[in-house]
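Engineer: Take a look at the following structure, please.
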């Protein structure tokens, strides 16, 4: 009977034990520290006085955080500052007055072209001028005689018609020569007996810039409209870039951006053109910046980077100078009554010296923005002394 009672007591005691109490905790079952546990574990209660003097804080507030959107781009010449120079008359190059690489000004001679066609037009011009003067003189004399009733009305009308006709023919030849590049001063010299040297046609620069292409050599025969030189003024250039459609919708013409040459300093530029049509192959929108390039920093056809600032809704943001790393964790130091606590942060986008905070601190927290390095040193010193 006693043995039976003892067996029952032992059986009840074994049943009251937890089924897991006899199983040791495995090494793989470790707790993941929360943000609060990190803050409590990494805290500074004592900071040297000299370090405290360098510490500055600011409150976490909601503000617009500029988002920097970058895109690859390339430089192109402003087409309003590009000239392909061709002869307007057939002939043969007699002299080269400017060559590849020369910096030229508007109206500067580039080449002298001998032309039989020019000779013919000059002859027509001089003959036309003589006929115009004679017809005009006859008409003026007839008008005087008509006033004195010496000539008939019919004679008056005939002389007036001849004067108008001669003037029209002369003006037509004059316009041809002016369109070929001759100046009014040169034509005036022709009328007063001074002739162009050998009647050569002078090809002139239509704008100021640099000769970047030359197809003209001495003795070369040229046809009308044949390109001989290309001149580009790079004091203003175009910069093109492309953005996905969803990003492109955030911007408008006139928005401020930056053009960043590779290995060079950023250049401020305004967005001057947004294509109304998406690129068929890439489904992107083409942008253009008109960039002042008087210093020649940008070279047409080079690759560059383009940056645009996109400001969205206000979010909890702090200065990027507050962000640091402690034990491989990215976060900030928060000033509290018990000292300075390092808090791990879940950050969002960065831009304009600000960084968004998704999680880790709350509105109004006092964030250390200056003296962060001093706090890290003090934390390291405490760690060393603790060991």
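The values are calculated or read from the model by the stated rules, or taken from the named source; none is laboratory data. Worth saying up front: this structure is predicted, and the values here are computed from it rather than measured. All Cβ positions, glycine included, derive from the backbone under ideal geometry; neighbour counts span all protein chains shown.
Engineer: With respect to the numbered conditions (1) farther than 26 Å from residue 111 by Cα; (2) surrounded by 15 or more Cβ atoms within 10 Å (Cβ to Cβ), which one is the sole condition not fulfilled by residue 148?
Structural biologist: If we test residue 148 against (1) farther than 26 Å from residue 111 by Cα; (2) surrounded by 15 or more Cβ atoms within 10 Å (Cβ to Cβ), just (2) comes out false.
Engineer: Report yes if residue 382 is assigned to a strand (DSSP E or B), over 22 Å from residue 240 (Cα atoms) and touching a residue at least 24 places away in the same chain (Cβ under 8 Å), otherwise no.
Structural biologist: Against the criterion (assigned to a strand (DSSP E or B), over 22 Å from residue 240 (Cα atoms) and touching a residue at least 24 places away in the same chain (Cβ under 8 Å)), residue 382 does not qualify.
Engineer: Right, something else. Tell me, which residue of the range 245-267 that is in a loop (DSSP other than H, G, I, E, B) and surrounded by 11 or more Cβ atoms within 10 Å (Cβ to Cβ) is nearest to the chain's Cα centre (by Cα)?
Structural biologist: 266
Engineer: Give the residue that is modelled with the lowest pLDDT, with candidates limited to residues of the range 90-113 that are under 13 Å from residue 181 (Cα atoms) and part of a loop (DSSP other than H, G, I, E, B). Break it down into steps so the answer makes sense when it comes.
Structural biologist: The first filter runs over the range 90-113 and keeps only residues under 13 Å from residue 181 (Cα atoms), leaving 106-113.
Now restrict to residues that are part of a loop (DSSP other than H, G, I, E, B): 106-108.
Numbers: 106: 95, 107: 91, 108: 95.
The selected residue is 107.
Engineer: Testing residue 163 on (1) assigned by TED's automatic domain parsing to the domain that holds residue 303; (2) at pLDDT 90 or above, one condition comes back false. Which one is that?
Structural biologist: (1)
Engineer: Pairs under 7 Å by beta carbon, first residue over 18 Å from residue 356 (Cβ atoms) in the range 318-336, partner surrounded by fewer than 18 Cβ atoms within 10 Å (Cβ to Cβ), six or more apart or different chains?
Structural biologist: Close Cβ pairs satisfying both conditions: 326/376; 335/57; 335/366.
Condition check ((1) loosely packed, with under 14 Cβ neighbours inside 10 Å; (2) in a loop (DSSP other than H, G, I, E, B); (3) touching a residue at least 12 places away in the same chain (Cβ under 8 Å)) across all residues:
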| position | (1), (2), (3) |
| --- | --- |
| 243 | no, no, yes |
| 295 | yes, yes, no |
| 300 | no, yes, yes |
| 309 | no, no, yes |
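Engineer: Something else: Within the range 131-155, track down each residue that is without any contact (Cβ under 8 Å) to a residue 24 or more places away in the chain and under 28 Å from residue 191 (Cα atoms). Steps first, answer last, please.
Structural biologist: Step one: filter the range 131-155 for residues without any contact (Cβ under 8 Å) to a residue 24 or more places away in the chain, giving 133, 137, 140-155.
Answer for the range 131-155, where residues must be without any contact (Cβ under 8 Å) to a residue 24 or more places away in the chain and under 28 Å from residue 191 (Cα atoms): 133, 137, 140, 141, 142, 143, 144.
Engineer: If only one of 53, 62 is assigned to a strand (DSSP E or B), closer than 30 Å to residue 373 by Cα and modelled with pLDDT under 90, which one is it?
Structural biologist: When all the criteria are applied, what remains is 62.
Engineer: Return the pair list, or none, for Cβ contacts closer than 6 Å from residues in the range 171-188 that are surrounded by 13 or more Cβ atoms within 10 Å (Cβ to Cβ) to residues that are outside any helix (DSSP H, G or I), at least 6 apart or on different chains.
Structural biologist: Going by the 6 Å Cβ cut-off, the qualifying pairs are 180/88; 180/89; 181/204.
Engineer: Give the range 268-285 a look and list any residue that's under 14 Å from residue 307 (Cα atoms) and surrounded by 17 or more Cβ atoms within 10 Å (Cβ to Cβ), or say none.
Structural biologist: Residues satisfying the conditions are 269, 271.
Engineer: Among the candidates 104, 75, single out the residue that is touching a strand residue (DSSP E or B) at 6+ places or on another chain (Cβ under 8 Å), in the same structural domain as residue 258 (by TED's automatic domain parsing) and surrounded by 15 or more Cβ atoms within 10 Å (Cβ to Cβ).
Structural biologist: Values: 104 fails: in the same structural domain as residue 258 (by TED's automatic domain parsing).
Result: 75 is the single residue among 104, 75 that is touching a strand residue (DSSP E or B) at 6+ places or on another chain (Cβ under 8 Å), in the same structural domain as residue 258 (by TED's automatic domain parsing) and surrounded by 15 or more Cβ atoms within 10 Å (Cβ to Cβ).
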